[in-house]
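The values are calculated or read from the model by the stated rules, or taken from the named source; none is laboratory data. In this text the structure is predicted, and so the values were computed from the model without any measurement. Here the Cβ is made from the backbone with ideal geometry for all residues, glycine too, and neighbour counts use every protein chain on show. For the accessible areas, the whole protein counts, side chains as well, though only heavy atoms, and no ligand, DNA or RNA atoms are used. Shrake-Rupley method; radii C 1.70, N 1.55, O 1.52, S 1.80 Å.
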Amino acid sequence: MQALLRNQVSEAKSKSTAKISGLLARVGVQATAGEESIGFARCDDLDQEHRSALAHADLGSGDSGSPGEPGDGTDGTVGYQQDGKGSAGVPGATGNGSEGQWQITAWDAGWNVTNAIQGMFVLGLPYAVLHGGYLGLFLIIFAAAVCCYTGKVLVECLYEEDEDGQEIRVRESYVDIANACCSPRYPRLGGIVVNVAQQIELIMTCVLYVVVSGNLMENSFPNLGVTQQSWCVIAGLSLLPSAFLRNLKTVSRFSMLCSLSHFVITFLVMAYCLSRARDWAWDKMKFYVDVKTFPISVGVIVFSYTSQIFLPSLEGHMNDKRQFFPMLKWTHIAACFCKGIFALLAFLTWAENTKEVITDNLPPTFRAVVNMFLVAKALFSYPLPFFAAVEVFETSLFRERPLTVFPSCYSPSGKLRHWATLLRSVLVLLTLLMAAYIPHFALLMGLTGSLTGASLSFLLPAMFHLKLRWRKLQWHHVFFDVSIFIVGLICSISGLVHSLEGLAEAYSNNTRK
């Protein structure tokens, strides 16, 4: 009996890592994009199902399936099973409890990807072109091609050939792929690495939302004499209610409306730039780059494209998986075109006066109106990555002993304990302090893109593809994977070093003042 209990506890521990990835994939968090996906629209259902699974399923599901295999919803996938059954929810999915439940179309999947790679942080791309010139525009195209390719090969790693030569889906998430690459010697090391990168990405995304809110408010009301750091503190304090969230139903609805308004604002900015076409500064476009600042621009561009973290979940839910690769290709082509045109028009309009957040260049009245919409979007978007980060912490550290070191954050009645609320509040204040002490949008965005974006979108997919699909790869695939790995490593190291140098210099300047 004791041996059976030990086996069940060990199995439950192995499930917890997969549940973290399943949670992130299901809510549509992009580990490196930093931008919300429409998948958060069903986070209220996720919260209820996930809590139920944590409370009742871990030690009582030994007969329902092994970890990583389709089962009853407690197999570590948190509801996105291989065959599309179960209680998983994905926006656009339909079903009545029979086979094919929660299946989504290519259009639904494309909308999720578009929300991830064409979000609010596109506002920093003109600043990247300022430091990169024509090479910056080329990198917008190059990053789109590479992220599309790595998304494709990452999904390929979910499959293995059976005895008949048929491709069978044997993995469900990014973490499953990482663990498979590190097996059998270190069966959980890959999942730990991926989850740490995801958590860093989520926390930094929260910080960036506070930073951009402070930046937009300061430039909207410059006559008030309130500094950006003060606006960041005000924004952060207004976000303290996020610590009490139990689900995201209301917030996600507002966030969806804000996402739509963001697309409208983007086109308004482009229209304003077109109205200034006769004053465009083509002579300011350069072919050379500033070695000190350009690596930061690379991180900004990479950060704006990443969506790999939830692609396995999207592909698993598609009713016609043959449409996944065409969908991925056209969404990245559309994103590349829109981002390139937006960044080019904005830079030509303001040239060397281009600011970190491009809306700060607009005329005062127009700028104030646009920035208010963007601040609302940032504040309503903050709870989404924050909620996912909290879930990762709770699932990893705060479950019932002996599964984790600390006890559960929820009482037997399902209420959030007082100390757990305090810990959540501390996490909100941590993002506030980081935003107040490092109020540099482009530098933080470049740092995050170099640290986690390049890893999750360039390095790891290429490495995993080489390891898991080696026997089936042709020479040009090997060349692509090795080249992407090397380029990603160089971009990651150089961008990380220069971003840290830039942050240190900015902090030093602020200290002198």
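What the table shows:
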quantity: Looking only at the range 120-148, and only at residues there that are among the aromatic types (Phe, Trp, Tyr) and surrounded by fewer than 22 Cβ atoms within 10 Å (Cβ to Cβ), the one that is farthest from the chain's Cα centre (by Cα); calculated: Tyr134
quantity: Single residue of Leu344, Leu384 found to be touching a residue at least 60 places away in the same chain (Cβ under 8 Å), touching a Leu at 6+ places or on another chain (Cβ under 7 Å) and surrounded by 23 or more Cβ atoms within 10 Å (Cβ to Cβ); calculated: Leu384
quantity: Qualifying residues in the range 162-200 (those that are among the β-branched types (Val, Ile, Thr) and not in a loop (DSSP other than H, G, I, E, B)) - the one nearest to Phe464 (Cα to Cα); calculated: Ile177
quantity: Some residue of the range 480-495 being surrounded by 14 or more Cβ atoms within 10 Å (Cβ to Cβ) and more than 21 Å from Phe303 (Cβ to Cβ); calculated: yes
quantity: Residue pairs meeting the criteria (Cβ under 7 Å; at least 6 apart or on separate chains; first under 16 Å from Ala389 (Cα atoms), in the range 410-427; second of a type in the set (S, T, N, Q) and open to solvent by 20 Å² or more (accessible area, probe 1.4 Å)); calculated: none
quantity: Which listed residue is under 22 Å from the mean Cα position of the chain (by Cα), modelled with pLDDT of 90 or more and under 21 Å from Ser307 (Cβ atoms), from Leu430, Leu447, Leu459, Leu451; calculated: Leu459
quantity: Residue list for the range 405-417, filter: open to solvent by 70 Å² or more (accessible area, probe 1.4 Å) and either touching a Lys or Arg at 6+ places or on another chain (Cβ under 9 Å) or within 20 Å of Val196 (Cβ to Cβ) (or both); calculated: Val405, Phe406
quantity: Residues located in the range 358-381, provided they are of a type outside the set (S, T, N, Q), open to solvent by 10 Å² or more (accessible area, probe 1.4 Å) and part of a helix (DSSP H, G or I); calculated: Pro364, Phe366, Arg367, Ala368, Val369, Met372, Phe373, Val375, Ala376, Leu379, Phe380
quantity: Single condition Leu473 does not satisfy, out of (1) surrounded by 14 or more Cβ atoms within 10 Å (Cβ to Cβ); (2) over 28 Å from the mean Cα position of the chain (by Cα); (3) at pLDDT below 80; (4) not small (Gly, Ala, Ser); calculated: (3)
quantity: Pro402 open to solvent by 30 Å² or more (accessible area, probe 1.4 Å) and either more than 28 Å from Gly190 (Cβ to Cβ) or of a type outside the set (Lys, Arg) (or both); calculated: yes
quantity: Close pairs (6 angstrom Cβ cut-off, 6 or more residues apart or separate chains): within 9 Å of Ala351 (Cα to Cα) in the range 279-293, of a type in the set (Gly, Ala, Ser) and surrounded by 15 or more Cβ atoms within 10 Å (Cβ to Cβ) anywhere; calculated: Ala281/Ala351; Lys284/Ala351; Met285/Gly133
quantity: Residue within the range 325-333 that is modelled with pLDDT of 90 or more, among the hydroxyl-bearing types (Ser, Thr, Tyr) and surrounded by fewer than 21 Cβ atoms within 10 Å (Cβ to Cβ) present; calculated: no
quantity: Residues that are of a type outside the set (A, V, I, L, M, F, W, C) and either open to solvent by 10 Å² or more (accessible area, probe 1.4 Å) or on the phi > 0 side of the Ramachandran plot (or both), drawn from the range 192-218; calculated: Asn195, Gln199, Asn215, Glu218
quantity: Filter result for the condition that a residue is of a type in the set (Ser, Thr, Tyr) and either under 13 Å from Leu216 (Cβ atoms) or in contact with a strand residue (DSSP E or B) (Cβ under 8 Å, 6 or more places away or on another chain) (or both), over Tyr410, Tyr382; calculated: Tyr410
quantity: Only listed residue being part of a helix (DSSP H, G or I), closer than 29 Å to Ala145 by Cβ and open to solvent by 10 Å² or more (accessible area, probe 1.4 Å), chosen from Met463, Met445, Met434; calculated: Met463
quantity: Extreme residue, modelled with the lowest pLDDT, among residues of the range 234-250 that are under 22 Å from the mean Cα position of the chain (by Cα) and open to solvent by 60 Å² or more (accessible area, probe 1.4 Å); calculated: Thr250
quantity: When residues of the range 219-233 are limited to those that are open to solvent by 50 Å² or more (accessible area, probe 1.4 Å) and of a type in the set (Val, Ile, Thr), the one nearest to the chain's Cα centre (by Cα); calculated: Val233
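Let's see how each residue does on (1) open to solvent by 60 Å² or more (accessible area, probe 1.4 Å); (2) at pLDDT 90 or above; (3) outside any helix (DSSP H, G or I):
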{"site": "Leu274", "(1), (2), (3)": "yes, yes, no"}
{"site": "Val291", "(1), (2), (3)": "yes, no, yes"}
{"site": "Pro295", "(1), (2), (3)": "no, no, no"}
{"site": "Val300", "(1), (2), (3)": "no, no, no"}
